[in-house]
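Reading through the structure tokens given below for one structure.
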Amino acid sequence: MDFYHSWIYQKVINTEWFMWIIVCVVLGINIISPLIVWYFITGKKMVKKYIAHKKQNQQPETGNAT
């Protein structure tokens, strides 16, 4: 089968609007990927700090309440 003469190639893949969709998706992924990586790197640390802080605040204080 000759792929370049098929309907899907001629009417969809080889069109200007489809190429612009591919360009925009790749550009969007390239712009957003550092933010996603940053979220996963710092987000886990922040969650751990939040859980530790929450546990520390929930423990009752032992001492005189005056």
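Worth pointing out:
- Sequence-ordered 3J(HN,Hα) estimates for segment 31-40 from the Karplus curve with 6.51, -1.76 and 1.60 and θ = phi - 60° stand at 7, 7, 4, x, 5, 5, 5, 4, 4, 5 Hz, glycine and proline given as x.
- 3J(HN,Hα) along segment 9-16, derived from phi through the Karplus expression 6.51 cos²θ - 1.76 cosθ + 1.60 where θ = phi - 60°, amounts to 6, 6, 9, 10, 5, 9, 10, 5 Hz, with x in place of Gly and Pro.
- Here segment 3-56 is treated with +1 on each Lys and Arg Cβ and -1 on each Asp and Glu Cβ, and its dipole about the Cα centre works out to around 740 debye.
- Kirkwood Rh, Cα atoms: Rg over Rh of segment 3-56: 1.46
Every number here is computed from the coordinates shown, using simple stated rules; none is lab data. Remember, predicted model here, so these are calculated numbers, not experimental data. Here the Cβ is made from the backbone with ideal geometry for all residues, glycine too, and neighbour counts use every protein chain on show.
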